[in-house]
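The values are calculated or read from the model by the stated rules, or taken from the named source; none is laboratory data. These numbers come from a predicted model, not from an experiment. Cβ placement follows ideal geometry from the backbone for every residue including glycine, while neighbour counts extend to all protein chains displayed. Just the protein is used for accessible areas: all its heavy atoms, side chains included, with ligands, DNA and RNA removed. Shrake-Rupley method; radii C 1.70, N 1.55, O 1.52, S 1.80 Å.
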Amino acid sequence: SSAGSARIGLINRMPNGLLSITGGENGYARGLIADSLALRGGDLLYAFEAAHNDGPWEFGENFRRVNGLLRYTREDSDRRSTFTAMHYDASWDATDQVPQRAIDSGRIGRFGAIDPSDHGGTRRSSLSWGWHQQVDDGHWDASAYAIRSHLDLFSNFTYFLDNPINGDQFEQAEDRQVLGGKLSRSWTANWGGREAIHTVRMQARYDRLDPVGLYTAILGDRDQVTQESRLSERALGLYAQTDLAWNDWLRTVLGLRADHVDVDVDSSIADNSGSRSDWIHSPKLSLIVAPWENTELFASAGYGFHSNDARGMTARVT
C-alpha cells in the first residue's frame, strides 16, 4: 500500500502532426508543436513546448517553461534502435506558505506573500540510446544515457525568526552529471515440459554532484555557505529472475537482486567528508494463480530498498 511504480514509454512516430496554442486567465499561455517524418530508413520524432503562467498570486509567479524532444528510431522485424535528446528549462517566482495570522490581520491577502524574493530555476538535458534485438529463444536489450541537470531554489519559511536583521531566506543548489546504462538478456527454456522465462540484467550508474549545497540568502541572492559538498556515487545492480508456468493456472516468479553502492564525499565541513561502500541483496518471490479467464490472484514477498542522500552515509556533524 505504500509503494508503487510507473513505466513510461515514448512513441517512435506520430500518425498526424500536432499544433496546439492555449491561452487563459492569470497570464496562462502554452504552445506545442509535434510531428514525425521519415528519414534515412527511420523515423524522426520532434516536439517543442513553451508555457507561461502567473497564477492567482499578488506577486505573479512568472512561471516560464520550455522543453523539447528529438528522437530517431530505426527498426525492422527483429531489431530496434533509438536515439533520444531531451531538454527542459524552467524558472519561477514563488509564494511560499504564509502564517494564517498575517491573513487574518489584513497584513497580506489570501494570495499575498511576506517574502516575494523567493524564486527558483531548474534545467535538465539528456541524451539516451536504446537497443532491442530479437533472437531465436528470446531477446537482448541495452541502453545508455547521459544527463546534466541544475537546480537553484530560494525559500524562506521562518522569515526573521533566526536572523532578525537579514532574514531567514536560504538557497538550495545542485549541479549534477549522470552516466548510466543497462544490459539484459531474456530467453525461454523448457523445464520438464514446463515453460520457463529467464532474465538476467546488469545496471550501472555514476553520479557526480559538483557542487550540492545549502546557503544563506538575502532578497534572492546568495550570502554565505552553510554546507557545500562535492560528491561522486557509483552504483552497480545485478539481477536474475525466473518466471515458471507450472500449468495453465499457476506460475511462480523467483528473483534475486544484488546492489553495490560506493560514495565519496568532500564537504566544506571536514568531519562530514569520507568514503563509504556496501552491498545489499534483495530476494523476491511471487505466486500467481489464475482461477478464471482474465483473472489473477497473487501473493508476493521479498526485500527492497530505496536510496537516500549519499551525504548521510558520511555525515558526523549536523
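Quick notes on this structure:
- Of the accessible area of the chain, computed with a 1.4 Å probe over protein heavy atoms only, carbon and sulfur atoms account for 54 percent.
- Area accessible to solvent at residue 225, 1.4 Å probe radius, in Å²: 80 Å²
- P(r) weight above 28 Å for the range 66-215, C-alpha pairs, percent: 51 percent
- The charge dipole of the chain, taken about its Cα centre with unit charges on the Cβ atoms of Lys, Arg (+1), Asp and Glu (-1) only, comes to about 920 debye.
- The range 1-157: Cα Rg divided by the 2.2 N^0.38 Å rule of thumb: 1.46
- Length added when fully stretched, residue 177-residue 247, from 0.36 nm per residue minus Cα-Cα: 20.4 nm
- Among 238, 39, 297: highest mean-square fluctuation, GNM of the chain, C-alpha pairs under 10 Å: 297
- Heavy-atom accessible area with a 1.4 Å probe sorts 265, 135, largest first, into 135, 265.
- Once the Cα-Cα distance is subtracted from the 0.36 nm per residue extended length, the residue 135 to residue 101 segment shows a gain of 5.5 nm.
- Based on protein heavy atoms only, the chain ends up with 63 Å² per residue of surface accessible to a 1.4 Å probe.
- Our helix-only sum for the chain, with -39,500 (n - 2.57) per DSSP H run of n ≥ 4 divided by its residues, gives a mean residue ellipticity at 222 nm of -500 deg cm²/dmol.
- Cut-off 18 Å, label 7 Å out along Cα→Cβ of residue 144, residues of the range 59-84 by amide N: 72-74, 80-84
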